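In what follows, a single structure is set out as C-alpha coordinates and then discussed.
The values are calculated or read from the model by the stated rules, or taken from the named source; none is laboratory data. The shown structure was predicted, so the numbers you read here are calculated from the model rather than taken from an experiment. When we count neighbours, we look across all protein chains shown, and the Cβ atoms used for this are built from the backbone with ideal geometry, even at glycine.
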Ligand SMILES: [Zn+2]
Ligand SMILES: [Zn+2]
(Lines give C-alpha, C1' and ligand atoms only; values in the text may rest on other atoms or scores of the structure.)
(Ligands and ions follow the chains in the order given, each with its own letter.)
Protein backbone atom coordinates (compact mmCIF):
# COMPACT_ATOMS: atom_id res chain seq x y z
CA UNK A 1 0.00 0.00 0.00
CA UNK A 2 2.85 2.36 0.90
CA UNK A 3 5.95 1.72 -1.26
CA UNK A 4 8.16 3.64 1.18
CA UNK A 5 7.23 1.48 4.13
CA UNK A 6 10.23 -0.87 4.02
CA UNK A 7 12.67 2.02 3.57
CA UNK A 8 11.03 3.91 6.40
CA UNK A 9 11.46 0.91 8.67
CA UNK A 10 15.16 0.80 7.80
CA UNK A 11 15.42 4.45 8.79
CA UNK A 12 16.60 5.48 5.33
CA UNK A 13 13.62 7.60 4.49
CA UNK A 14 11.34 8.87 7.19
CA UNK A 15 8.09 9.89 5.60
CA UNK A 16 5.06 10.29 7.79
CA UNK A 17 1.93 10.99 5.91
CA UNK A 18 -1.43 11.81 7.42
CA UNK A 19 -2.60 8.45 6.13
CA UNK A 20 0.20 6.71 8.07
CA UNK A 21 -0.80 8.49 11.28
CA UNK A 22 -4.41 7.66 10.66
CA UNK A 23 -3.54 4.00 10.03
CA UNK A 24 -1.47 3.79 13.19
CA UNK A 25 -4.26 5.37 15.25
CA UNK A 26 -6.78 2.97 13.74
CA UNK A 27 -4.53 0.01 14.49
CA UNK A 28 -4.01 1.18 18.07
CA UNK A 29 -7.75 1.64 18.56
CA UNK A 30 -8.43 -1.82 17.13
CA UNK A 31 -5.85 -3.41 19.43
CA UNK A 32 -7.17 -1.57 22.49
CA UNK A 33 -10.74 -2.54 21.67
CA UNK A 34 -9.69 -6.18 21.24
CA UNK A 35 -7.96 -6.11 24.65
CA UNK A 36 -11.10 -4.75 26.32
CA UNK A 37 -13.32 -7.30 24.57
CA UNK A 38 -10.94 -10.09 25.57
CA UNK A 39 -11.08 -8.96 29.23
CA UNK A 40 -14.91 -9.00 29.28
CA UNK A 41 -14.90 -12.47 27.69
CA UNK A 42 -12.32 -13.76 30.16
CA UNK A 43 -13.97 -12.33 33.29
CA UNK A 44 -17.35 -13.88 32.40
CA UNK A 45 -18.98 -12.69 35.62
CA UNK A 46 -20.62 -9.44 34.50
CA UNK A 47 -17.70 -7.19 35.47
CA UNK A 48 -18.05 -3.45 36.10
CA UNK A 49 -16.02 -1.06 33.95
CA UNK A 50 -13.60 -0.77 36.89
CA UNK A 51 -13.15 -4.58 36.94
CA UNK A 52 -12.46 -4.60 33.20
CA UNK A 53 -9.92 -1.79 33.59
CA UNK A 54 -8.08 -3.71 36.35
CA UNK A 55 -8.01 -6.87 34.22
CA UNK A 56 -6.65 -5.08 31.14
CA UNK A 57 -4.12 -3.09 33.19
CA UNK A 58 -2.69 -6.28 34.66
CA UNK A 59 -1.11 -7.15 31.30
CA UNK A 60 -1.03 -3.69 29.74
CA UNK A 61 -0.10 -1.24 32.51
CA UNK A 62 0.13 1.74 30.16
CA UNK A 63 -3.53 1.67 29.10
CA UNK A 64 -5.63 4.44 30.63
CA UNK A 65 -8.91 4.09 32.45
CA UNK A 66 -10.53 6.50 29.97
CA UNK A 67 -9.43 4.33 27.03
CA UNK A 68 -10.91 1.19 28.60
CA UNK A 69 -14.18 2.96 29.46
CA UNK A 70 -14.46 4.49 25.99
CA UNK A 71 -13.90 1.12 24.33
CA UNK A 72 -16.50 -0.53 26.55
CA UNK A 73 -18.96 2.08 25.30
CA UNK A 74 -18.03 1.40 21.67
CA UNK A 75 -18.29 -2.40 22.13
CA UNK A 76 -21.69 -2.04 23.83
CA UNK A 77 -23.04 0.25 21.11
CA UNK A 78 -21.82 -2.23 18.47
CA UNK A 79 -23.51 -5.11 20.27
CA UNK A 80 -20.21 -6.94 20.80
CA UNK A 81 -20.82 -6.91 24.55
CA UNK A 82 -24.04 -6.33 26.47
CA UNK A 83 -24.32 -3.50 28.97
CA UNK A 84 -26.42 -4.55 31.96
CA UNK A 85 -27.90 -1.67 33.91
CA UNK A 86 -28.13 -2.53 37.58
CA UNK A 87 -30.50 -0.58 39.85
CA UNK A 88 -28.51 1.61 42.27
CA UNK A 89 -25.21 0.19 41.05
CA UNK A 90 -22.53 0.45 38.42
CA UNK A 91 -23.33 -0.87 34.93
CA UNK A 92 -22.04 -4.37 34.24
CA UNK A 93 -20.69 -5.80 31.01
CA UNK A 94 -21.57 -9.19 29.62
CA UNK A 95 -19.75 -11.26 27.01
CA UNK A 96 -23.12 -12.93 26.23
CA UNK A 97 -24.91 -11.00 23.54
CA UNK A 98 -27.96 -13.22 23.15
CA UNK A 99 -31.09 -12.08 25.05
CA UNK A 100 -31.21 -13.29 28.64
CA UNK A 101 -32.24 -11.96 32.03
CA UNK A 102 -30.17 -11.19 35.11
CA UNK A 103 -30.41 -11.56 38.86
CA UNK A 104 -28.71 -9.23 41.31
CA UNK A 105 -27.58 -10.59 44.70
CA UNK A 106 -28.35 -8.01 47.39
CA UNK A 107 -25.72 -9.55 49.69
CA UNK A 108 -22.59 -9.71 47.50
CA UNK A 109 -23.69 -7.51 44.60
CA UNK A 110 -23.02 -10.31 42.12
CA UNK A 111 -24.94 -10.39 38.83
CA UNK A 112 -26.02 -13.79 37.52
CA UNK A 113 -27.59 -15.06 34.31
CA UNK A 114 -31.17 -16.23 34.56
CA UNK A 115 -32.57 -18.58 31.96
CA UNK A 116 -36.14 -17.81 30.98
CA UNK A 117 -38.19 -19.28 28.15
CA UNK A 118 -39.71 -15.91 27.23
CA UNK A 119 -37.20 -13.07 27.39
CA UNK A 120 -38.95 -10.70 25.01
CA UNK A 121 -41.37 -9.19 27.53
CA UNK A 122 -42.01 -6.11 25.41
CA UNK A 123 -43.84 -8.22 22.81
CA UNK A 124 -46.13 -9.52 25.59
CA UNK A 125 -47.53 -6.07 26.39
CA UNK A 126 -51.19 -5.98 25.40
CA UNK A 127 -51.85 -2.25 25.85
CA UNK A 128 -49.12 0.33 26.29
CA UNK A 129 -51.61 3.28 26.22
CA UNK A 130 -49.90 4.76 23.20
CA UNK A 131 -46.45 4.45 24.73
CA UNK A 132 -43.86 3.35 22.20
CA UNK A 133 -41.74 0.67 23.85
CA UNK A 134 -38.11 0.57 22.75
CA UNK A 135 -36.58 -1.90 25.17
CA UNK A 136 -37.08 -3.69 28.43
CA UNK A 137 -34.59 -5.08 30.87
CA UNK A 138 -35.47 -7.43 33.69
CA UNK A 139 -33.22 -7.62 36.74
CA UNK A 140 -34.38 -10.01 39.45
CA UNK A 141 -33.21 -9.30 42.97
CA UNK A 142 -32.48 -11.77 45.74
CA UNK A 143 -29.66 -13.75 47.33
CA UNK A 144 -27.27 -15.93 45.32
CA UNK A 145 -26.60 -19.60 46.10
CA UNK A 146 -23.19 -18.89 47.62
CA UNK A 147 -24.49 -16.16 49.95
CA UNK A 148 -27.46 -18.33 50.92
CA UNK A 149 -25.26 -21.26 51.89
CA UNK A 150 -23.00 -18.90 53.86
CA UNK A 151 -26.04 -17.43 55.65
CA UNK A 152 -27.33 -20.90 56.45
CA UNK A 153 -23.93 -21.92 57.84
CA UNK A 154 -24.01 -18.86 60.12
CA UNK A 155 -27.51 -19.66 61.34
CA UNK A 156 -26.47 -23.24 62.14
CA UNK A 157 -23.36 -22.05 63.97
CA UNK A 158 -25.40 -19.51 65.98
CA UNK A 159 -27.95 -22.22 66.92
CA UNK A 160 -25.14 -24.56 67.88
CA UNK A 161 -23.51 -22.07 70.22
CA UNK A 162 -26.85 -21.24 71.80
CA UNK A 163 -27.51 -24.93 72.47
CA UNK A 164 -24.10 -25.53 73.98
CA UNK A 165 -24.33 -22.46 76.25
ZN1 LIG B 1 -24.31 -13.25 46.66
ZN1 LIG C 1 -25.55 -12.14 31.50
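The rows are residues; the columns are (1) without any contact (Cβ under 8 Å) to a residue 60 or more places away in the chain; (2) within 25 Å of residue 147 (Cα to Cα); (3) more than 16 Å from ligand 2 (Cβ to nearest atom).
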site: 23; (1), (2), (3): yes, no, yes
site: 28; (1), (2), (3): yes, no, yes
site: 49; (1), (2), (3): yes, yes, no
site: 66; (1), (2), (3): yes, no, yes
site: 76; (1), (2), (3): yes, no, no
site: 79; (1), (2), (3): yes, no, no
site: 84; (1), (2), (3): yes, yes, no
site: 103; (1), (2), (3): yes, yes, no
site: 123; (1), (2), (3): yes, no, yes
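Of the residues that sit in the stretch 33-47 and are surrounded by fewer than 17 Cβ atoms within 10 Å (Cβ to Cβ) and within 16 Å of ligand 2 (Cβ to nearest atom), which one is farthest from residue 101 (Cα to Cα)?
Looking at residues that are surrounded by fewer than 17 Cβ atoms within 10 Å (Cβ to Cβ) and within 16 Å of ligand 2 (Cβ to nearest atom), I get 42.
In the stretch 108-121, what residues are under 28 Å from residue 68 (Cα atoms) and either within 14 Å of ligand 2 (Cβ to nearest atom) or in contact with a strand residue (DSSP E or B) (Cβ under 9 Å, 6 or more places away or on another chain) (or both)?
If the condition is that a residue be under 28 Å from residue 68 (Cα atoms) and either within 14 Å of ligand 2 (Cβ to nearest atom) or in contact with a strand residue (DSSP E or B) (Cβ under 9 Å, 6 or more places away or on another chain) (or both), then 110, 111, 112, 113, 114 are the ones that fit.
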Which one is surrounded by the most Cβ atoms within 10 Å (Cβ to Cβ), of the residues in the stretch 89-98 that are part of a loop (DSSP other than H, G, I, E, B) and within 10 Å of ligand 2 (Cβ to nearest atom)? 95
So for the stretch 76-88 (the condition being part of a loop (DSSP other than H, G, I, E, B), within 16 Å of ligand 1 (Cβ to nearest atom) and closer than 29 Å to residue 29 by Cα), does at least one residue qualify? yes
Do you know which residues across the stretch 27-70 are under 15 Å from residue 91 (Cβ atoms) and part of a loop (DSSP other than H, G, I, E, B)? 45, 46, 47
Boolean, residue 80 is surrounded by 14 or more Cβ atoms within 10 Å (Cβ to Cβ) and closer than 16 Å to residue 36 by Cβ: yes
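What number of residues within the stretch 102-145 satisfy the criterion of being within 16 Å of ligand 1 (Cβ to nearest atom) and closer than 21 Å to residue 88 by Cβ?
The qualifying residues number 19.
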Going by what's in this entry, would residue 153 be described as within 16 Å of ligand 1 (Cβ to nearest atom), more than 28 Å from residue 33 (Cβ to Cβ), more than 15 Å from the chain's Cα centre (by Cα) and modelled with pLDDT of 85 or more? no
Whichever residue in the stretch 135-145 is out of contact with any helix residue (DSSP H, G or I) (no Cβ under 8 Å at 6 or more places or on another chain) and assigned to a loop (DSSP other than H, G, I, E, B) and, among such residues, is farthest from ligand 2 (Cβ to nearest atom): 144
Between a first residue in the stretch 128-141 that is closer than 10 Å to residue 101 by Cβ and a second residue that is assigned to a loop (DSSP other than H, G, I, E, B), which pairs have beta carbons less than 7 Å apart while being 6 or more apart in sequence or on different chains? 137/85; 139/86; 139/87
